[in-house]
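Rule-based calculations on the coordinates, nothing more; no lab input. Fair warning: this is a prediction, and the values are worked out from it, not measured in the lab. For neighbour counting, all protein chains shown are included, and Cβ atoms are generated from backbone atoms with ideal geometry for every residue, glycine included.
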Amino acid sequence: MLRQPILLLAKSDKVKNLVSTMPVSSGIVTSYVPGETTGSAVDASAGLIDDGLHVTLDFLGEDTLDRAQADATVAAYKELLAELARRGLSGRAEVSVKLSAVGQALPDEGEKVALENAREICRAARNAGTTVTLDMEDHTTTDSTLEILRNLRKDFPETGAVLQAMLHRTEADCRSLAYEGSRVRLCKGAYHEPESVAFQDKVDIDKSYVRCLKVLLAGQGYPMIASHDPRMIQIASALASRHGRNHGTYEFQMLYGIRPEEQRRLAEAGETVRVYIPYGQEWYGYLMRRLAERPQNLTFFLRSLVSK
Ligand code: FAD
């Protein structure tokens, strides 16, 4: 019930300015973000990889209207990828990129800039021996993101896509993307979306998630099941068995700091489990989306604000 109001409030500049003054070291932030630097992200990756997990790293940032900022984001990914390779982690570590952080939202040439920047990150990832997944943002960007994906896949077919079960269109998008070699992350969707394009009730979103799972797990691609929901995980496992899929022909994904014991349980059972690690200074939007999913954490969050 509190999800939509929190996501709406998160758009207020006043709230953003107040919350962004919190140090990254404050408890609520570190429970979701291991740090602001490349070093802190790579150290967190090494710890999870030692525990038998895989990771995907997201240099936090979104909706940039500044070309220099978009270029700085590309540089941050290149530094990260070089460091992952140097520490021998890139076999189990890939990166997740938000196109709006690399220029998609720039006026005029936004899509072109985002494609070129994403291409540069894909090239650096391939040199490091790993891959890129394009995060999905709100529904106004879906067509543009899928078009950029199609272009990138001509040279980098290993590039991963993300689809959001809450959107009405997603079952059809799953069908289009369930082809051989196609890596597709299925999540529920983290953005505030209108009724015209998205299911609003949890029950309807969950039903859509299951329909999409059926398409992806029956298909020829590589499904990446991104959910902490015990029911979705159970249903995905059952569907994978029904379709004769062996471990390693699909994977589970969860966010850093959420249900870590379940991440390890699945990995110990032989599943591939990838943890999404966000890092950097621009943690505000990410934190607000996590709070919207878990309003129980609001008290903890408000206490951190008062005591800062
Ligand atoms: P929910 O029904 O929200 O939660 C199920 C259970 O998980 C809860 O009952 C609770 O036990 C636990 N849980 C959920 N959230 C929290 C929390 N914040 N703190 C503690 N426990 C929690 N969304 C996008 O829109 N675009 C993306 O590109 C994207 N990438 C993602 C990548 C990964 C690897 C993951 C795991 C999620 C991603 N998401 C993305 C977010 C996703 O869309 C959901 O918003 C988020 O995962 C919550 O949905 P859920 O499936 O976990 O189910």
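When Phe59, Phe156 are sorted by how many other C-beta atoms sit within 10 angstrom of their C-beta, beginning with the fewest, the order is Phe156, Phe59.
Round to the nearest 0.05 the FRET efficiency obtained for Val197 and Gln281 when R0 = 30 Å and r is the Cβ-Cβ distance. Can you show the working numbers first?
Values: r = 31 Å, r/R0 = 1.05.
In this case the efficiency is close to 0.45.
Residue-wise HN-Hα couplings along the range 162-177, as the Karplus relation 6.51 cos²θ - 1.76 cosθ + 1.60 with θ = phi - 60° gives them from phi, are 10, 10, 10, 4, 5, 7, 4, 6, 5, 4, 5, 4, 4, 4, 5, 9 Hz; Gly and Pro carry x. Restricting the calculation to Cα atoms, the range 33-282 yields a radius of gyration followed by a Dmax of 17.1, 49 Å.
Using unit Cβ charges (K, R positive; D, E negative) and no other charged atoms, how large, in debye to the nearest 20, is the dipole of the chain about its Cα centre?
On the way: 38 positive and 41 negative charges, 142 e Å.
Dipole of the chain, to the nearest 20 debye: 680 debye.
Does a label point 7 Å from the Cα of Asp66, set along Cα-to-beta-carbon, have any residues of the range 29-56 with amide nitrogen under 19 Å, and which are they? Those under the cut-off are 36-38.
Proximity of backbone amide H atoms, modeled 1.01 Å from N, is registered between Thr272 and Gly248, Phe252 at under 5 Å, excluding neighbours fewer than 5 places apart on the same chain.
Short to long, the 5 Å bins of the Cα pair-distance histogram for the range 208-306 hold 2, 11, 20, 20, 16, 12, 9, 5, 2, 1, 0 percent of all pairs. A straight chain from Arg87 to Leu302 at 0.36 nm per residue would run longer than the Cα-Cα distance by 73.6 nm.
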